[in-house]
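Below is one structure; the comments refer to it alone.
The values are calculated or read from the model by the stated rules, or taken from the named source; none is laboratory data. This one's a predicted model, so the numbers in the text were calculated from it and none came from an experiment. Cβ placement follows ideal geometry from the backbone for every residue including glycine, while neighbour counts extend to all protein chains displayed. Surface areas here come from the heavy atoms of the whole protein model, side chains and all, with no ligands, DNA or RNA. Shrake-Rupley method; radii C 1.70, N 1.55, O 1.52, S 1.80 Å.
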Amino acid sequence: MNLNDLLDILKSNNYKITEQRKAILQVLTANSKNLISAETLHNQAKKIYDKTNMSTIYRNIEMLEKFNILYKFTAENGTTLFKLICGDDHHHHLICKQCGKTEAIDFCPISTLKKISKDKNFNLTDHKLELYGFCMDCESSENKKCSKRHL
C-alpha cells in the first residue's frame, strides 16, 4: 500500500488530510517492511511536520486499525509495534527480534489447525502466525559482538 492508496482510503471515509496525518502516513509507508513503535513513529513524523504530537499519533493509530490498514504487534518485552498491512492476500510473518524487520511468508497451516480445533471441539474463527528470530544483518552483527566479547 502506498501513500496515495492510504490517502484515498481516508478521503473516501471523509477524513481530512492534515499535515500531521500526512506525516504519519509518510513514516508508515517509508517503514513498510519494519515494525515501529508509536514513539518512533512520532519522532520520525516530527521530522516531516514538527507540530506532530503524540496524541495525534495515537488517534491515527486507532483510526488506521479501525480500517484494517495497520498491523499491531506486541513484542516480548510488552512494547506495542505497528506496520502497514502488506496487502489483501492472506499470509504470515517472519519478524526480526532485534531490528523489527518483517518478511511475509505465504505458507499457512490453517487446514491442519482447523482439523485440530475440530477434534478438540473448538470453533476456530481467526488466526495469525508470527515466527521470530534474527534477520541475517542482525544475526551477523550479533555474532561479531559475541566474538569480540570472547577476545
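Indicate, rounded to the nearest 5 percent, the antiparallel portion of the DSSP beta bridges found entirely in the chain.
75
Can you give the FRET efficiency for Met63 and Asn121, using 1/(1 + (r/R0)^6), R0 = 30 Å, r = Cβ-Cβ distance, to the nearest 0.05?
0.20
Over the chain, what is the mean sequence separation of C-alpha contacts under 8 Å (at least six apart), divided by residue count, expressed as relative contact order in percent?
Over the chain, the number comes to 19 percent.
What is region 1-53's relative contact order, in percent, from Cα pairs under 8 angstrom and six or more apart in sequence?
Computed over region 1-53, the figure is 36 percent.
Tell me, what is a quarter of the convex hull surface for the C-alpha atoms of region 1-145, in nm² with one decimal?
11.1
Explain nothing, just the number: relative contact order of region 51-103, from Cα pairs under 8 Å at least 6 residues apart, as a whole percent.
19
Please give me, ordered by residue number, the chymotrypsin sites (Phe, Trp or Tyr not before Pro) of region 73-138 that lie in loop per DSSP and have at most 15 other Cβ atoms within 10 Å.
Phe107, Phe122
Exactly which GluC sites (Glu not before Pro) in region 1-78 are in a DSSP loop and have at most 14 other Cβ atoms within 10 Å?
Answer by residue number: Glu76.
Taking Cα atoms of region 52-102, Rg/Rh with Kirkwood Rh, to two decimals?
On the Cα set of region 52-102, Rg over Rh gives 0.99.
Along Cα→Cβ, 7 Å out, is where each label goes; now give me the distance between the ones at Phe107 and Lys51 in nm to one decimal.
Those two pseudo-labels are separated by 5.0 nm.
Of all alpha-carbon pairs in region 5-50, indicate the percentage at a distance above 16 angstrom.
The proportion of pairs with Cα distances above 16 Å equals 38 percent.
Among the trypsin sites (Lys or Arg not before Pro) in region 28-57, which ones are in a DSSP loop with at most 14 other Cβ atoms within 10 Å of the Cβ? Mind listing them?
Lys33, Lys51
Work out the FRET efficiency for Lys11 and Leu94 from their Cβ-Cβ distance, taking R0 = 35 Å, and round it to the nearest 0.05.
0.55
If I compute solvent accessible area with a 1.4 Å probe over the protein chains, what percent of it on the chain is carbon and sulfur?
C and S fraction of accessible area: 50 percent.
With a 1.4 Å probe and all protein chains left in place, how much accessible area per residue does region 1-135 have, in Å²?
Heavy-atom accessible area per residue stands at 64 Å².
Along the Cα→Cβ direction, 7 angstrom out, place labels at Met1 and Thr79. What is the inter-label distance in nm?
For Met1 paired with Thr79, the spin-label model returns 2.3 nm.
On a 1.4 Å probe surface of the protein chains, which of Asp8, Asp126 comes out largest in accessible area, and what is the full order?
So, going from the largest accessible area down, we get Asp126, Asp8.
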